[in-house]
Amino acid sequence: MFGLGMQELLIILVIVVLLFGATRLPQVGEGVGKMITNFRKSMKKAGKSDEEETGKEGDDSKKEIPDA
């Protein structure tokens, strides 16, 4: 997972708890979750608009080139 081992993740968790405190940690987690959800929705929406602009068969990179 991104080249991070268990020790690095534990250190990051300890730093986050020290910065935000144990009482605000659920709020921070909720905010991060909403941010990730909004990002995914935006990416899906952008992908759909790209498909509409180019058409479903507009991607020439997937077409096979006949042998000469």
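The values are calculated or read from the model by the stated rules, or taken from the named source; none is laboratory data. Remember, it's a predicted structure, so these values are computed and weren't measured experimentally. As a convention, Cβ positions derive from the backbone with ideal geometry for all residues, glycine included, and neighbour counts pool all protein chains shown.
Taken together, 4, 10, 25 contain a single residue that is at pLDDT 90 or above and either within 23 Å of the chain's Cα centre (by Cα) or not hydroxyl-bearing (Ser, Thr, Tyr) (or both), which is 10. On the basis of being modelled with pLDDT of 75 or more, assigned to a helix (DSSP H, G or I) and surrounded by 10 or more Cβ atoms within 10 Å (Cβ to Cβ), does residue 18 make the cut? No, not satisfied.
Given the condition surrounded by fewer than 10 Cβ atoms within 10 Å (Cβ to Cβ), assigned to a loop (DSSP other than H, G, I, E, B) and at pLDDT 75 or above, answer yes or no: does some residue in the stretch 48-55 qualify? Taking every residue of the stretch 48-55 in turn, none turns out to be surrounded by fewer than 10 Cβ atoms within 10 Å (Cβ to Cβ), assigned to a loop (DSSP other than H, G, I, E, B) and at pLDDT 75 or above.
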